[in-house]
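Just below is one structure, and these are the notes that go with it.
The values are calculated or read from the model by the stated rules, or taken from the named source; none is laboratory data. Here the structure is a predicted model, which is why all the values come from computation and not from measurement. Heavy atoms of the whole protein, side chains included, go into the accessibility calculation; ligands, DNA and RNA do not. Shrake-Rupley method; radii C 1.70, N 1.55, O 1.52, S 1.80 Å.
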Amino acid sequence: MKKKSLERITVSDIVKGCGLNRQTFYYHFKDKYDLVNWIYYSEIITTLSPISDGADWSAAIMKALNIMRKDKAFYAGSLNLDGQSILRDYLFRETRDMLIKILEKPDFQKTMNLEPDDRILIAEFYTYGLVGMVIQWVKKGMSEAPNEIVEKLSRFIDDSEWVSAVRSWAKNNSTKSLPGKQRK
């Protein structure tokens, strides 16, 4: 992707560059976009997935951003493809699922006491913010150091007054809904 856009890269180009034959490629991937998703998964999602098991989120995100920055041409090139964003859509889906997994953990549920719809709302809210910041960083050429991005995300995540309000509300409210949301 340093030489041509993802749209213009063919499976023939890929197998030629790797010294493989087309059949070997198709044995593992259905098309070049499937390969791109596999790269996202193997490089980024596996780096971030320990967060849902309680690992330090900032260290995991720092590692993922460094991976992306190291292969800037690939990640920037796959960000916008024919008006679509494979990277954005993939990161959104995976981040949302990871956050929902965290919110569904029994120990978190004891603290937050959230309904399933509320967990989805919170996960999507934070997903848009997290993924949006990463996408903007990529679009701006990844010029900021990953630690600067993690610092900004930290203010968004750790210092969020909204999260504090939800935690406080959940401890003091027995209706099991978010502030401002009425249940019948």
Fill in the blank from the handout: Taking a probe of 1.4 Å and leaving out DNA, RNA and ligands, the stretch 1-157 shows per residue an accessible area in Å² of 57
Practice task
Report the Stokes-Einstein translational diffusion coefficient (µm² s⁻¹, integer) for the stretch 61-112, Rh taken as the Kirkwood radius over Cα pairs, at 4 °C with viscosity 1.567 mPa s.
Solution key: 100
Completion exercise
With no solvent term and unit scatterers on the alpha-carbon positions of the stretch 1-119, Debye gives log₁₀ I(q)/I(0) at q = 0.12, 0.18, 0.22, 0.23 Å⁻¹ of -0.56, -0.99, -1.25, -1.31
Handout entry: Under the Karplus curve 6.51 cos²θ - 1.76 cosθ + 1.60, θ = phi - 60°, whole-Hz ³J(HN,Hα) for the stretch 85-93, x wherever Gly or Pro sits
Key = 10, 4, 4, 4, 4, 5, 4, 4, 4
Fill in the blank from the handout: Diffing the stretch 120-127: the Karplus 3J(HN,Hα) column from phi (6.51, -1.76, 1.60, θ = phi - 60°), in whole Hz with x for Gly and Pro, holds 5, 4, 5, 4, 5, 4, 6, 4
